[in-house]
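Remarks on the structure that follows.
The values are calculated or read from the model by the stated rules, or taken from the named source; none is laboratory data. Quantities reported herein were computed from a predicted structural model and do not represent experimental measurements. Note that we place each Cβ from the backbone using ideal geometry, even for glycine, and neighbour counts take in every protein chain shown. Heads up: the accessible areas ignore ligands, DNA and RNA and are worked out on the full protein's heavy atoms, side chains in. Shrake-Rupley method; radii C 1.70, N 1.55, O 1.52, S 1.80 Å.
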Amino acid sequence: MGDVGGGPRSDAAAAAAAVRPEPPPTPDEMAFLDAAFQASAAGLALLAGPELRYQLVNDAFRALCPGSDDLRGQRIDEHPPRVAAPLAELARRVLEMGADSDGETEALDVPGGRRWFAYLVHRVEGPSGPGALISLRDNTSQVQARWAAEAAADTAGRRAAELEAVMEAIPDGIMVFDAAGAVVRMNAAALESWRVVGIDIGGGGASSFPQFELRGEDGRPLPASEWPVRRALAGEKVQGAHLRFAPAGARPMWMLASAAPILGADGRVTGAVLSFSDETALHELAEARDDLVRMVSHDLRTPLSAIYAQGHLIRRGADAPAKVVERAAAIERSCERMSGMIQDLVEVTLLEAGQLPVARARVDVAALVPDILDGMRGGLDVDRVQLRIEPPCRANLDPARLERIVVNLVSNALKYSSQEVTVLLRSTGAAVVLSVADNGVGISTDDQARIFERYYRARGDRRPEGLGLGLYITRLLVEGMNGRVEVESQLGTGSTFRVVFPAEGAPPPAGAGS
Ligand code: ADP
(Lines give C-alpha, C1' and ligand atoms only; values in the text may rest on other atoms or scores of the structure.)
Protein backbone atom coordinates (compact mmCIF):
# COMPACT_ATOMS: atom_id res chain seq x y z
CA MET A 1 0.00 0.00 0.00
CA GLY A 2 3.04 2.24 0.14
CA ASP A 3 2.88 2.62 -3.62
CA VAL A 4 -0.48 4.42 -3.84
CA GLY A 5 1.00 7.06 -6.14
CA GLY A 6 0.15 4.74 -9.05
CA GLY A 7 1.34 5.57 -12.53
CA PRO A 8 3.01 3.41 -15.12
CA ARG A 9 5.73 1.25 -13.76
CA SER A 10 8.57 -0.57 -15.47
CA ASP A 11 8.14 -4.30 -16.04
CA ALA A 12 11.13 -4.98 -13.78
CA ALA A 13 9.57 -3.04 -10.87
CA ALA A 14 6.26 -4.83 -11.38
CA ALA A 15 8.00 -8.18 -11.39
CA ALA A 16 9.89 -7.30 -8.20
CA ALA A 17 6.65 -6.27 -6.49
CA ALA A 18 5.06 -9.57 -7.50
CA VAL A 19 7.77 -11.72 -5.88
CA ARG A 20 8.29 -9.49 -2.84
CA PRO A 21 4.88 -8.18 -1.54
CA GLU A 22 5.18 -4.92 0.36
CA PRO A 23 4.30 -4.82 4.06
CA PRO A 24 0.87 -3.36 4.97
CA PRO A 25 0.93 0.34 5.93
CA THR A 26 1.54 1.27 9.50
CA PRO A 27 -1.19 3.09 11.45
CA ASP A 28 0.88 6.28 11.07
CA GLU A 29 1.05 5.84 7.34
CA MET A 30 -2.71 5.20 7.22
CA ALA A 31 -3.39 8.34 9.27
CA PHE A 32 -1.13 10.34 6.95
CA LEU A 33 -2.89 8.94 3.91
CA ASP A 34 -6.33 9.64 5.38
CA ALA A 35 -5.36 13.25 6.09
CA ALA A 36 -4.06 13.67 2.53
CA PHE A 37 -7.34 12.21 1.19
CA GLN A 38 -9.47 14.58 3.26
CA ALA A 39 -7.43 17.59 2.13
CA SER A 40 -8.28 16.95 -1.51
CA ALA A 41 -11.03 19.01 -3.15
CA ALA A 42 -11.73 16.15 -5.56
CA GLY A 43 -13.66 13.13 -4.40
CA LEU A 44 -11.12 10.35 -3.77
CA ALA A 45 -11.71 6.67 -3.18
CA LEU A 46 -9.17 3.87 -2.91
CA LEU A 47 -10.36 0.40 -3.87
CA ALA A 48 -8.49 -2.87 -3.49
CA GLY A 49 -8.84 -6.57 -4.11
CA PRO A 50 -10.43 -8.45 -7.00
CA GLU A 51 -13.90 -7.31 -5.88
CA LEU A 52 -12.80 -3.71 -5.74
CA ARG A 53 -13.81 -2.96 -2.16
CA TYR A 54 -13.59 0.58 -0.77
CA GLN A 55 -10.52 1.01 1.44
CA LEU A 56 -10.37 4.72 1.92
CA VAL A 57 -12.93 7.41 0.96
CA ASN A 58 -12.76 11.15 1.54
CA ASP A 59 -15.66 13.47 2.46
CA ALA A 60 -15.71 15.06 -1.00
CA PHE A 61 -16.38 11.62 -2.51
CA ARG A 62 -19.17 10.98 -0.01
CA ALA A 63 -20.67 14.37 -0.82
CA LEU A 64 -20.70 13.52 -4.52
CA CYS A 65 -22.28 10.13 -3.80
CA PRO A 66 -24.99 10.97 -1.29
CA GLY A 67 -26.46 8.15 0.74
CA SER A 68 -23.16 6.37 1.21
CA ASP A 69 -21.86 7.44 4.60
CA ASP A 70 -19.71 4.46 5.43
CA LEU A 71 -18.41 2.83 2.33
CA ARG A 72 -15.37 1.17 3.78
CA GLY A 73 -15.32 -2.54 2.99
CA GLN A 74 -18.20 -2.35 0.50
CA ARG A 75 -17.87 -3.52 -3.08
CA ILE A 76 -17.87 -0.74 -5.66
CA ASP A 77 -20.82 -2.20 -7.60
CA GLU A 78 -22.86 -2.41 -4.36
CA HIS A 79 -22.77 1.18 -3.40
CA PRO A 80 -23.73 3.84 -4.28
CA PRO A 81 -25.72 2.36 -7.12
CA ARG A 82 -25.92 5.22 -9.58
CA VAL A 83 -22.33 6.35 -9.46
CA ALA A 84 -20.93 2.91 -8.95
CA ALA A 85 -21.94 1.19 -12.17
CA PRO A 86 -19.88 3.29 -14.61
CA LEU A 87 -17.07 3.62 -12.08
CA ALA A 88 -16.88 -0.12 -11.50
CA GLU A 89 -16.85 -0.71 -15.20
CA LEU A 90 -14.07 1.82 -15.66
CA ALA A 91 -12.05 0.58 -12.72
CA ARG A 92 -12.16 -3.03 -14.03
CA ARG A 93 -11.01 -1.85 -17.44
CA VAL A 94 -8.13 0.01 -15.84
CA LEU A 95 -7.10 -3.03 -13.86
CA GLU A 96 -7.32 -5.35 -16.86
CA MET A 97 -5.46 -3.05 -19.22
CA GLY A 98 -2.92 -2.00 -16.63
CA ALA A 99 -3.07 1.67 -17.65
CA ASP A 100 -4.78 4.73 -16.13
CA SER A 101 -8.07 5.90 -17.60
CA ASP A 102 -8.23 9.18 -19.44
CA GLY A 103 -10.32 11.82 -17.71
CA GLU A 104 -13.88 11.03 -18.67
CA THR A 105 -17.03 13.03 -18.12
CA GLU A 106 -20.24 11.17 -17.54
CA ALA A 107 -23.78 12.41 -16.90
CA LEU A 108 -25.27 10.77 -13.81
CA ASP A 109 -28.75 11.12 -12.39
CA VAL A 110 -28.18 11.75 -8.71
CA PRO A 111 -30.68 13.01 -6.12
CA GLY A 112 -31.38 16.61 -7.07
CA GLY A 113 -31.13 16.03 -10.81
CA ARG A 114 -28.66 15.23 -13.52
CA ARG A 115 -25.04 16.19 -12.94
CA TRP A 116 -21.85 15.73 -14.87
CA PHE A 117 -18.86 14.06 -13.25
CA ALA A 118 -15.33 13.94 -14.52
CA TYR A 119 -13.46 10.96 -13.16
CA LEU A 120 -10.02 9.50 -13.44
CA VAL A 121 -9.04 6.00 -12.39
CA HIS A 122 -5.39 5.23 -11.55
CA ARG A 123 -4.13 1.72 -11.19
CA VAL A 124 -2.29 1.30 -7.87
CA GLU A 125 -0.28 -1.60 -6.54
CA GLY A 126 -1.29 -2.67 -3.03
CA PRO A 127 -0.01 -5.38 -0.63
CA SER A 128 -2.91 -7.65 -1.63
CA GLY A 129 -2.70 -7.04 -5.37
CA PRO A 130 -3.65 -4.22 -7.72
CA GLY A 131 -6.25 -1.65 -6.73
CA ALA A 132 -7.79 1.52 -8.12
CA LEU A 133 -7.66 5.12 -7.02
CA ILE A 134 -10.73 6.98 -8.22
CA SER A 135 -10.72 10.73 -8.42
CA LEU A 136 -14.16 12.24 -8.95
CA ARG A 137 -15.00 15.87 -9.70
CA ASP A 138 -18.40 17.52 -10.20
CA ASN A 139 -18.00 19.12 -13.58
CA THR A 140 -21.61 20.26 -13.99
CA SER A 141 -20.98 24.01 -13.95
CA GLN A 142 -18.12 23.72 -16.50
CA VAL A 143 -20.25 21.53 -18.78
CA GLN A 144 -23.15 23.94 -18.56
CA ALA A 145 -20.87 26.93 -19.15
CA ARG A 146 -19.46 25.19 -22.23
CA TRP A 147 -22.95 24.53 -23.55
CA ALA A 148 -23.96 28.17 -22.94
CA ALA A 149 -20.84 29.31 -24.81
CA GLU A 150 -21.62 26.93 -27.68
CA ALA A 151 -25.24 28.16 -27.80
CA ALA A 152 -24.07 31.79 -27.76
CA ALA A 153 -21.60 31.07 -30.56
CA ASP A 154 -24.40 29.38 -32.49
CA THR A 155 -26.73 32.38 -32.04
CA ALA A 156 -23.94 34.78 -32.97
CA GLY A 157 -23.21 32.73 -36.09
CA ARG A 158 -26.87 32.73 -37.09
CA ARG A 159 -27.17 36.47 -36.49
CA ALA A 160 -24.07 37.10 -38.59
CA ALA A 161 -25.53 34.97 -41.40
CA GLU A 162 -28.85 36.86 -41.18
CA LEU A 163 -27.06 40.20 -41.26
CA GLU A 164 -25.01 39.09 -44.22
CA ALA A 165 -28.17 38.01 -46.10
CA VAL A 166 -29.97 41.27 -45.24
CA MET A 167 -27.02 43.36 -46.40
CA GLU A 168 -26.79 41.50 -49.67
CA ALA A 169 -30.58 41.61 -50.27
CA ILE A 170 -30.77 45.40 -49.91
CA PRO A 171 -30.47 47.15 -53.27
CA ASP A 172 -28.94 50.24 -51.61
CA GLY A 173 -25.23 50.43 -50.96
CA ILE A 174 -24.43 49.66 -47.32
CA MET A 175 -21.10 50.44 -45.69
CA VAL A 176 -20.08 49.78 -42.11
CA PHE A 177 -17.39 51.93 -40.47
CA ASP A 178 -15.46 51.45 -37.25
CA ALA A 179 -15.18 54.13 -34.57
CA ALA A 180 -12.15 55.63 -36.33
CA GLY A 181 -14.10 55.97 -39.59
CA ALA A 182 -12.41 53.10 -41.47
CA VAL A 183 -14.59 50.89 -43.69
CA VAL A 184 -14.94 47.45 -42.16
CA ARG A 185 -17.59 46.04 -44.43
CA MET A 186 -19.69 46.82 -47.50
CA ASN A 187 -22.31 44.97 -49.49
CA ALA A 188 -22.30 44.03 -53.16
CA ALA A 189 -24.53 47.00 -54.08
CA ALA A 190 -21.99 49.42 -52.60
CA LEU A 191 -19.14 47.76 -54.44
CA GLU A 192 -21.13 47.91 -57.67
CA SER A 193 -21.89 51.63 -57.17
CA TRP A 194 -18.20 52.41 -56.75
CA ARG A 195 -17.34 50.27 -59.75
CA VAL A 196 -19.86 52.17 -61.92
CA VAL A 197 -18.39 55.48 -60.80
CA GLY A 198 -14.95 54.20 -61.70
CA ILE A 199 -13.51 53.34 -58.29
CA ASP A 200 -12.22 49.81 -57.98
CA ILE A 201 -12.30 48.98 -54.30
CA GLY A 202 -11.16 45.39 -54.86
CA GLY A 203 -10.03 43.93 -51.56
CA GLY A 204 -8.39 47.15 -50.48
CA GLY A 205 -11.27 48.57 -48.38
CA ALA A 206 -11.28 52.27 -47.60
CA SER A 207 -7.62 52.68 -48.52
CA SER A 208 -8.62 52.19 -52.17
CA PHE A 209 -10.80 55.31 -52.06
CA PRO A 210 -9.46 58.29 -53.94
CA GLN A 211 -9.67 61.74 -52.39
CA PHE A 212 -13.20 63.03 -52.77
CA GLU A 213 -15.33 66.07 -52.27
CA LEU A 214 -18.91 66.08 -50.98
CA ARG A 215 -21.37 68.80 -51.85
CA GLY A 216 -24.82 69.36 -50.38
CA GLU A 217 -28.09 69.71 -52.26
CA ASP A 218 -27.50 73.43 -52.68
CA GLY A 219 -24.18 72.70 -54.41
CA ARG A 220 -21.97 74.02 -51.63
CA PRO A 221 -19.02 71.87 -50.47
CA LEU A 222 -19.73 70.10 -47.17
CA PRO A 223 -17.04 70.47 -44.50
CA ALA A 224 -15.79 67.05 -43.37
CA SER A 225 -17.49 67.46 -39.99
CA GLU A 226 -20.87 67.50 -41.78
CA TRP A 227 -20.38 64.32 -43.78
CA PRO A 228 -23.12 61.85 -42.82
CA VAL A 229 -20.68 59.21 -41.54
CA ARG A 230 -18.85 61.76 -39.39
CA ARG A 231 -22.15 63.00 -37.98
CA ALA A 232 -23.21 59.39 -37.25
CA LEU A 233 -19.87 58.73 -35.51
CA ALA A 234 -20.66 61.79 -33.40
CA GLY A 235 -23.89 60.05 -32.34
CA GLU A 236 -26.34 61.68 -34.77
CA LYS A 237 -28.84 59.98 -37.08
CA VAL A 238 -28.80 61.40 -40.62
CA GLN A 239 -31.71 60.73 -42.93
CA GLY A 240 -32.14 61.32 -46.64
CA ALA A 241 -29.27 63.71 -47.39
CA HIS A 242 -28.91 64.50 -51.12
CA LEU A 243 -25.20 64.71 -51.80
CA ARG A 244 -22.89 65.13 -54.75
CA PHE A 245 -19.94 62.80 -54.38
CA ALA A 246 -17.05 63.85 -56.60
CA PRO A 247 -14.04 61.50 -56.34
CA ALA A 248 -10.75 62.55 -57.89
CA GLY A 249 -10.39 60.98 -61.31
CA ALA A 250 -13.87 59.41 -61.34
CA ARG A 251 -17.27 60.51 -62.50
CA PRO A 252 -19.32 62.51 -59.95
CA MET A 253 -22.30 60.78 -58.48
CA TRP A 254 -25.45 62.06 -56.80
CA MET A 255 -26.49 59.98 -53.84
CA LEU A 256 -29.27 59.88 -51.31
CA ALA A 257 -27.49 59.01 -48.09
CA SER A 258 -28.56 58.09 -44.57
CA ALA A 259 -26.30 57.19 -41.67
CA ALA A 260 -26.74 55.98 -38.11
CA PRO A 261 -24.39 55.37 -35.20
CA ILE A 262 -23.71 51.81 -33.98
CA LEU A 263 -23.91 51.77 -30.20
CA GLY A 264 -22.10 49.39 -27.88
CA ALA A 265 -23.70 47.83 -24.79
CA ASP A 266 -22.50 50.79 -22.74
CA GLY A 267 -24.20 53.23 -25.13
CA ARG A 268 -20.96 54.46 -26.65
CA VAL A 269 -20.57 54.84 -30.43
CA THR A 270 -18.53 51.93 -31.76
CA GLY A 271 -19.02 52.66 -35.46
CA ALA A 272 -21.50 53.84 -38.06
CA VAL A 273 -23.60 52.47 -40.91
CA LEU A 274 -24.04 54.38 -44.15
CA SER A 275 -26.72 53.50 -46.68
CA PHE A 276 -26.85 55.23 -50.02
CA SER A 277 -28.57 54.96 -53.37
CA ASP A 278 -27.27 56.30 -56.64
CA GLU A 279 -29.51 59.17 -57.70
CA THR A 280 -27.37 60.32 -60.59
CA ALA A 281 -29.85 59.21 -63.27
CA LEU A 282 -32.74 60.89 -61.43
CA HIS A 283 -30.71 64.01 -60.99
CA GLU A 284 -29.81 64.11 -64.67
CA LEU A 285 -33.49 63.65 -65.49
CA ALA A 286 -34.45 66.53 -63.20
CA GLU A 287 -31.79 68.72 -64.83
CA ALA A 288 -33.10 67.78 -68.27
CA ARG A 289 -36.61 68.65 -67.12
CA ASP A 290 -35.46 72.02 -65.78
CA ASP A 291 -33.68 72.71 -69.08
CA LEU A 292 -36.87 71.83 -70.94
CA VAL A 293 -38.92 74.13 -68.74
CA ARG A 294 -36.43 76.95 -69.24
CA MET A 295 -36.62 76.31 -72.97
CA VAL A 296 -40.43 76.17 -72.91
CA SER A 297 -40.81 79.26 -70.80
CA HIS A 298 -38.44 81.31 -72.90
CA ASP A 299 -38.41 79.93 -76.42
CA LEU A 300 -42.14 79.23 -76.68
CA ARG A 301 -43.25 82.39 -74.99
CA THR A 302 -41.30 84.64 -77.33
CA PRO A 303 -43.05 83.58 -80.57
CA LEU A 304 -46.35 83.33 -78.70
CA SER A 305 -46.01 86.97 -77.62
CA ALA A 306 -45.28 87.91 -81.21
CA ILE A 307 -48.42 86.09 -82.44
CA TYR A 308 -50.47 87.73 -79.69
CA ALA A 309 -49.08 91.18 -80.54
CA GLN A 310 -49.83 90.71 -84.24
CA GLY A 311 -53.38 89.53 -83.48
CA HIS A 312 -53.85 92.51 -81.22
CA LEU A 313 -52.63 94.93 -83.90
CA ILE A 314 -54.92 93.35 -86.52
CA ARG A 315 -57.93 93.49 -84.18
CA ARG A 316 -57.28 97.11 -83.32
CA GLY A 317 -56.53 98.09 -86.93
CA ALA A 318 -58.76 100.98 -87.94
CA ASP A 319 -59.76 99.56 -91.31
CA ALA A 320 -60.08 95.85 -90.40
CA PRO A 321 -63.33 94.25 -91.56
CA ALA A 322 -65.56 92.77 -88.81
CA LYS A 323 -64.75 89.18 -89.81
CA VAL A 324 -61.01 89.84 -89.49
CA VAL A 325 -61.46 91.51 -86.07
CA GLU A 326 -63.40 88.46 -84.91
CA ARG A 327 -60.64 86.06 -86.05
CA ALA A 328 -57.91 88.23 -84.58
CA ALA A 329 -59.76 88.15 -81.23
CA ALA A 330 -59.85 84.32 -81.45
CA ILE A 331 -56.09 84.34 -82.04
CA GLU A 332 -55.62 86.52 -78.95
CA ARG A 333 -57.78 84.22 -76.78
CA SER A 334 -55.91 81.14 -77.94
CA CYS A 335 -52.60 82.86 -77.19
CA GLU A 336 -53.84 83.73 -73.68
CA ARG A 337 -54.93 80.14 -73.02
CA MET A 338 -51.65 78.79 -74.29
CA SER A 339 -49.72 81.32 -72.21
CA GLY A 340 -51.74 80.18 -69.16
CA MET A 341 -50.84 76.55 -69.82
CA ILE A 342 -47.15 77.39 -70.25
CA GLN A 343 -47.28 79.31 -67.00
CA ASP A 344 -48.84 76.27 -65.25
CA LEU A 345 -46.09 73.96 -66.54
CA VAL A 346 -43.34 76.33 -65.49
CA GLU A 347 -44.86 76.92 -62.08
CA VAL A 348 -45.30 73.22 -61.35
CA THR A 349 -41.69 72.54 -62.23
CA LEU A 350 -40.43 75.40 -60.10
CA LEU A 351 -42.69 74.48 -57.17
CA GLU A 352 -41.62 70.83 -57.22
CA ALA A 353 -37.96 71.83 -57.45
CA GLY A 354 -38.44 74.15 -54.47
CA GLN A 355 -37.49 77.09 -56.66
CA LEU A 356 -40.66 79.07 -56.07
CA PRO A 357 -40.18 80.40 -52.56
CA VAL A 358 -43.25 81.58 -50.69
CA ALA A 359 -42.70 84.99 -49.12
CA ARG A 360 -44.81 85.72 -46.04
CA ALA A 361 -46.23 89.10 -45.15
CA ARG A 362 -49.12 90.39 -43.08
CA VAL A 363 -51.89 90.65 -45.63
CA ASP A 364 -55.31 92.29 -45.34
CA VAL A 365 -57.08 89.62 -47.35
CA ALA A 366 -60.37 91.54 -47.32
CA ALA A 367 -58.72 94.41 -49.18
CA LEU A 368 -56.68 92.23 -51.53
CA VAL A 369 -59.36 89.88 -52.93
CA PRO A 370 -61.48 92.62 -54.62
CA ASP A 371 -58.29 93.90 -56.32
CA ILE A 372 -57.46 90.42 -57.55
CA LEU A 373 -60.95 89.98 -59.04
CA ASP A 374 -60.68 93.39 -60.68
CA GLY A 375 -57.42 92.38 -62.29
CA MET A 376 -59.15 89.39 -63.88
CA ARG A 377 -61.47 91.58 -65.89
CA GLY A 378 -60.88 91.48 -69.61
CA GLY A 379 -59.96 87.80 -69.93
CA LEU A 380 -62.81 86.41 -67.81
CA ASP A 381 -66.48 87.13 -67.24
CA VAL A 382 -65.91 88.51 -63.74
CA ASP A 383 -69.31 90.23 -63.81
CA ARG A 384 -70.79 86.85 -62.90
CA VAL A 385 -68.87 86.86 -59.61
CA GLN A 386 -70.67 87.93 -56.43
CA LEU A 387 -68.17 88.90 -53.72
CA ARG A 388 -69.16 88.81 -50.05
CA ILE A 389 -66.62 89.82 -47.44
CA GLU A 390 -66.95 89.73 -43.67
CA PRO A 391 -63.87 91.75 -42.57
CA PRO A 392 -61.46 91.99 -40.92
CA CYS A 393 -59.48 89.10 -42.40
CA ARG A 394 -55.76 89.22 -41.86
CA ALA A 395 -53.28 86.42 -42.37
CA ASN A 396 -49.57 85.92 -43.00
CA LEU A 397 -49.56 85.16 -46.70
CA ASP A 398 -47.70 85.75 -49.93
CA PRO A 399 -49.94 88.18 -51.89
CA ALA A 400 -48.67 86.96 -55.29
CA ARG A 401 -49.39 83.31 -54.40
CA LEU A 402 -52.81 84.25 -52.98
CA GLU A 403 -53.61 85.94 -56.29
CA ARG A 404 -52.72 82.76 -58.16
CA ILE A 405 -54.99 80.71 -55.86
CA VAL A 406 -57.97 83.07 -56.26
CA VAL A 407 -57.50 83.28 -60.04
CA ASN A 408 -57.32 79.46 -60.35
CA LEU A 409 -60.46 78.82 -58.29
CA VAL A 410 -62.56 81.65 -59.74
CA SER A 411 -61.53 80.93 -63.35
CA ASN A 412 -62.44 77.24 -62.82
CA ALA A 413 -65.82 78.20 -61.34
CA LEU A 414 -66.51 80.47 -64.36
CA LYS A 415 -65.20 77.79 -66.74
CA TYR A 416 -67.31 74.94 -65.34
CA SER A 417 -70.56 76.89 -64.78
CA SER A 418 -72.59 79.42 -66.74
CA GLN A 419 -74.35 81.02 -63.81
CA GLU A 420 -73.43 83.19 -60.86
CA VAL A 421 -70.26 82.39 -58.89
CA THR A 422 -70.06 83.39 -55.22
CA VAL A 423 -66.78 84.30 -53.55
CA LEU A 424 -67.13 84.46 -49.79
CA LEU A 425 -64.36 85.65 -47.53
CA ARG A 426 -64.76 85.39 -43.79
CA SER A 427 -62.83 85.05 -40.59
CA THR A 428 -63.58 82.47 -37.90
CA GLY A 429 -61.11 83.99 -35.46
CA ALA A 430 -58.56 81.21 -35.80
CA ALA A 431 -58.82 80.98 -39.58
CA VAL A 432 -59.44 83.00 -42.70
CA VAL A 433 -61.76 81.07 -45.01
CA LEU A 434 -62.12 81.80 -48.72
CA SER A 435 -64.84 79.87 -50.53
CA VAL A 436 -65.65 79.88 -54.21
CA ALA A 437 -69.07 78.38 -55.03
CA ASP A 438 -70.69 77.73 -58.40
CA ASN A 439 -73.84 76.03 -59.65
CA GLY A 440 -72.10 74.33 -62.55
CA VAL A 441 -71.46 70.81 -63.73
CA GLY A 442 -70.24 69.55 -60.35
CA ILE A 443 -67.64 66.83 -59.64
CA SER A 444 -68.30 63.15 -58.91
CA THR A 445 -67.24 61.75 -55.53
CA ASP A 446 -64.54 59.61 -57.19
CA ASP A 447 -63.10 62.61 -59.00
CA GLN A 448 -63.22 64.80 -55.89
CA ALA A 449 -60.64 62.53 -54.30
CA ARG A 450 -58.22 63.08 -57.18
CA ILE A 451 -58.68 66.56 -58.65
CA PHE A 452 -55.84 68.02 -56.54
CA GLU A 453 -53.38 65.55 -58.08
CA ARG A 454 -50.92 66.49 -60.81
CA TYR A 455 -52.42 66.38 -64.37
CA TYR A 456 -55.74 64.98 -63.13
CA ARG A 457 -58.83 66.00 -65.09
CA ALA A 458 -62.31 64.77 -64.23
CA ARG A 459 -63.83 62.42 -66.78
CA GLY A 460 -66.80 63.61 -68.82
CA ASP A 461 -67.86 64.86 -72.19
CA ARG A 462 -67.36 68.35 -73.44
CA ARG A 463 -64.96 69.41 -70.67
CA PRO A 464 -63.27 72.72 -71.42
CA GLU A 465 -59.59 72.37 -72.32
CA GLY A 466 -56.92 72.36 -69.63
CA LEU A 467 -53.87 70.46 -68.39
CA GLY A 468 -55.19 69.42 -65.00
CA LEU A 469 -52.52 71.46 -63.19
CA GLY A 470 -54.48 74.42 -61.78
CA LEU A 471 -55.81 72.68 -58.64
CA TYR A 472 -52.51 70.86 -58.09
CA ILE A 473 -50.67 74.20 -58.12
CA THR A 474 -53.39 75.65 -55.88
CA ARG A 475 -52.90 72.86 -53.32
CA LEU A 476 -49.08 73.22 -53.31
CA LEU A 477 -49.35 76.99 -52.83
CA VAL A 478 -52.00 76.73 -50.10
CA GLU A 479 -50.01 74.08 -48.22
CA GLY A 480 -46.86 76.18 -48.66
CA MET A 481 -48.65 78.85 -46.62
CA ASN A 482 -49.79 76.40 -43.89
CA GLY A 483 -53.33 76.26 -45.23
CA ARG A 484 -55.48 73.56 -46.73
CA VAL A 485 -57.95 73.34 -49.59
CA GLU A 486 -61.06 71.17 -49.81
CA VAL A 487 -64.04 70.68 -52.08
CA GLU A 488 -67.71 69.90 -51.67
CA SER A 489 -69.57 69.06 -54.83
CA GLN A 490 -72.44 67.20 -56.43
CA LEU A 491 -72.70 66.28 -60.09
CA GLY A 492 -75.11 68.56 -61.91
CA THR A 493 -75.61 70.82 -58.89
CA GLY A 494 -72.36 72.70 -58.43
CA SER A 495 -69.15 72.87 -56.42
CA THR A 496 -67.75 74.81 -53.49
CA PHE A 497 -63.95 75.04 -53.09
CA ARG A 498 -62.80 76.20 -49.69
CA VAL A 499 -59.33 77.45 -48.74
CA VAL A 500 -58.52 77.77 -45.04
CA PHE A 501 -55.53 79.77 -43.80
CA PRO A 502 -54.55 80.25 -40.17
CA ALA A 503 -55.49 83.80 -39.12
CA GLU A 504 -52.65 86.07 -38.18
CA GLY A 505 -50.94 84.67 -35.06
CA ALA A 506 -53.03 81.46 -35.01
CA PRO A 507 -51.58 77.94 -35.37
CA PRO A 508 -52.27 75.94 -38.58
CA PRO A 509 -56.01 75.00 -38.67
CA ALA A 510 -57.19 71.53 -37.70
CA GLY A 511 -60.60 72.02 -39.29
CA ALA A 512 -62.81 74.79 -40.59
CA GLY A 513 -66.36 75.50 -41.66
CA SER A 514 -67.52 77.85 -44.40
P1 ADP B 1 -58.02 72.02 -65.59
O2 ADP B 1 -59.15 72.90 -65.25
O3 ADP B 1 -56.94 72.67 -66.32
O4 ADP B 1 -58.43 70.72 -66.15
P5 ADP B 1 -57.62 71.93 -62.74
O6 ADP B 1 -56.52 71.34 -61.95
O7 ADP B 1 -57.92 73.36 -62.51
O8 ADP B 1 -57.30 71.61 -64.23
O9 ADP B 1 -58.90 71.09 -62.41
C10 ADP B 1 -58.84 69.69 -62.42
C11 ADP B 1 -60.20 69.12 -62.77
O12 ADP B 1 -61.11 69.40 -61.70
C13 ADP B 1 -60.79 69.74 -63.99
O14 ADP B 1 -60.40 69.03 -65.14
C15 ADP B 1 -62.26 69.61 -63.73
O16 ADP B 1 -62.73 68.37 -64.18
C17 ADP B 1 -62.40 69.63 -62.23
N18 ADP B 1 -62.85 70.96 -61.74
C19 ADP B 1 -62.10 71.93 -61.21
N20 ADP B 1 -62.87 72.97 -60.81
C21 ADP B 1 -64.14 72.64 -61.11
C22 ADP B 1 -65.43 73.28 -60.92
N23 ADP B 1 -65.53 74.48 -60.36
N24 ADP B 1 -66.52 72.61 -61.33
C25 ADP B 1 -66.42 71.38 -61.87
N26 ADP B 1 -65.26 70.73 -62.08
C27 ADP B 1 -64.12 71.33 -61.68
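By DSSP, the beta bridges lying fully in the chain are antiparallel in about 90 percent of cases.
Our helix-only sum for the chain, with -39,500 (n - 2.57) per DSSP H run of n ≥ 4 divided by its residues, gives a mean residue ellipticity at 222 nm of -12500 deg cm²/dmol.
Between GLU168 and ARG333, the contour length at 0.36 nm per residue exceeds the Cα-Cα span by 53.5 nm. Length available on full extension from ARG268 to ALA31: 0.36 nm per residue minus the Cα-Cα distance, which gives 79.2 nm. Rounded to the nearest 0.05, the FRET efficiency derived from the C-beta distance between ARG294 and ASP381 at R0 = 41 Å is 0.75. Residues whose amide H comes within less than 5 Å of that of GLU279, counting only those at least five positions distant or on another chain, are TRP254, MET255, LEU256 (H built at 1.01 Å from N in the peptide plane). Modelled spin labels at ALA234 and ARG301, positioned 7 Å past Cα toward Cβ, are 4.2 nm from each other.
Considering only GLY219, ILE451, GLY126, and ranking their Cα positions along the charge dipole of the chain that arises from unit charges at the beta-carbon of Lys, Arg, Asp and Glu, the one farthest toward the positive end is ILE451. What's the extension gain from ARG251 to ALA152 if we count 0.36 nm per residue and subtract their Cα-Cα distance? Roughly 31.1 nm would be gained on extension.
Remark on ASN187: its backbone amide H falls under 5 Å from those of ILE174, a criterion applied only to residues 5 or more positions apart or on other chains, H modelled at 1.01 Å from N.
Rolling a 1.4 Å probe over the heavy atoms of the protein chains gives the stretch 244-312 an accessible area of 56 Å² per residue. Amide hydrogen proximity for GLN490: with H placed 1.01 Å from N in the peptide plane, the residues at 5 or more positions away or on another chain lying under 5 Å are ILE443. Note on the stretch 174-284: dipole from Cβ charges, positive end direction compared against HIS242, GLY267, VAL196; the farthest Cα belongs to GLY267.
Rounded to whole numbers, the Karplus 3J(HN,Hα) couplings from phi for the stretch 356-372 are 10, x, 9, 7, 10, 9, 6, 10, 8, 4, 4, 7, 7, 4, x, 5, 4 Hz, using 6.51 cos²θ - 1.76 cosθ + 1.60 with θ = phi - 60°, and x at Gly and Pro.
Computed from phi, the 3J(HN,Hα) profile of the stretch 402-409 under the Karplus parametrisation 6.51, -1.76, 1.60 (θ = phi - 60°) reads 5, 4, 4, 5, 5, 4, 4, 5 Hz, with x in place of Gly and Pro.
Model label sites at ARG93 and GLU352, defined 7 Å from Cα along the beta-carbon direction, differ in position by 8.1 nm.
Shown in residue order for the stretch 56-63 are the 3J(HN,Hα) couplings computed by the Karplus curve 6.51 cos²θ - 1.76 cosθ + 1.60 at θ = phi - 60°: 8, 9, 8, 5, 4, 5, 4, 5 Hz (x for Gly and Pro). Surface composition of the chain: carbon plus sulfur atoms contribute 54% of the solvent-accessible area (1.4 Å probe, protein chains only, all chains present). Placing unit charges on each Cβ (+1 for Lys and Arg, -1 for Asp and Glu) gives the stretch 276-319 a dipole about its Cα centre, and among THR280, GLN310, MET295 the Cα reaching farthest toward its positive end belongs to GLN310. Think of a 1.4 Å ball rolled over the protein heavy atoms: the stretch 351-417 then has 50 Å² of accessible area per residue. Think of each Lys and Arg Cβ as +1 and each Asp and Glu Cβ as -1; about the Cα centre, that makes the dipole of the chain roughly 2280 debye.
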